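Following: one structure in structure tokens, then a few remarks.
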Amino acid sequence: MNGTHSAEEPARSISARPGRVSVLDQTLLPFEVRWLVLEDAAQCETAIRTMQVRGAPLIGAVGAYGLALAIREDPRPEPRREAFERLLAARPTAVNLRWALERVVNRVDSAPPGSEADAAWAEADAICEEDIACNRAIGEHLIDVLPPPAGERPLQILTHCNAGRLATVAYGTALAPVYLLHERGVPVHVWVDETRPRNQGASLTSWELAERGIAHTIVADNAGGLLMMRGEIDAVVVGC
């Protein structure tokens, strides 16, 4: 998998080539854009533990590549199991992490001797490609249930936290319909809750929407109820 994307597709949050994974350091956004280069399982573990990468799908992808890197270094069963446990402990509550790690293990267990490293890397690549397809499908289905823009006013969507492309490989979950509507020229405006205490909305959601040129406004979390009362929100879409 590479980090390229079409003019329409939102940029990917992770890119990889054998022996090397690159991810955005989300702890520095929105003030600095820096790509981390991860070259072993320990670096992947640290990136997950310190929230340099976050969002369940992206954590799963980084974990899968981390295990693939460990297998590349030593494909024997015992070191493989140790790497699995270390990576899982980096964020034990992230369901996608265990799921992705187990997918890599299952793929490697059925691989011919000597091909374990290639099989692990191929499975991590597949996890990423499937995430993109899944997220785009989420967006397509959500478009079907969202109301159309009312008159001259853009469609007004409220979202909370960050469930956009930064939390996934691309598109995101909650923001997938926003990206697709924007691609198709449908006017849309996003109300972005700041999301205390870590400000994922103010720091991350607003950054990725601005990067894509999508109209948005950051609001205090408590303002959501007032906006709804005034009829300024057409739909609320969140990741859960």
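The values are calculated or read from the model by the stated rules, or taken from the named source; none is laboratory data. A quick note: this is a predicted structure, and the numbers were derived from the prediction, not measured. Because the Cβ atoms are built from the backbone with ideal geometry, glycine has one as well, and the counts that use them run over all protein chains shown. Just the protein is used for accessible areas: all its heavy atoms, side chains included, with ligands, DNA and RNA removed. Shrake-Rupley method; radii C 1.70, N 1.55, O 1.52, S 1.80 Å.
Between E232 and A137, the FRET efficiency from the beta-carbon distance, with R0 = 22 Å, is close to 0.15. Share of carbon and sulfur in the accessible area of segment 135-187 stands at 62%, probe radius 1.4 Å. Taking every DSSP bridge with both residues inside the chain, close to 40 percent are antiparallel. Which of the helices in the chain meet the span-like rule: DSSP H, Cα axial reach of 18 Å or more, Kyte-Doolittle mean at least 1.0? Passing helices, by number: 56-73. With the highest mean first, a sort of the peptides 36-49, 128-141 on other beta-carbon atoms found within 10 angstrom per residue produces 36-49, 128-141. Under the simplified labelling scheme, the A122-E211 pair shows an inter-label distance of 3.1 nm, with each label point 7 Å from Cα along Cα→Cβ.
Computed over protein heavy atoms with a 1.4 Å probe, the accessible surface of the chain works out to 45 Å² per residue.
For segment 22-77, the fraction of 1.4 Å probe accessible surface lying on carbon and sulfur atoms is 52 percent. Protection proxy ranking of 159-171, 143-155, 85-97, 202-214, by the mean of other Cβ atoms within 10 Å over each peptide's residues and highest first, is 159-171, 202-214, 85-97, 143-155.
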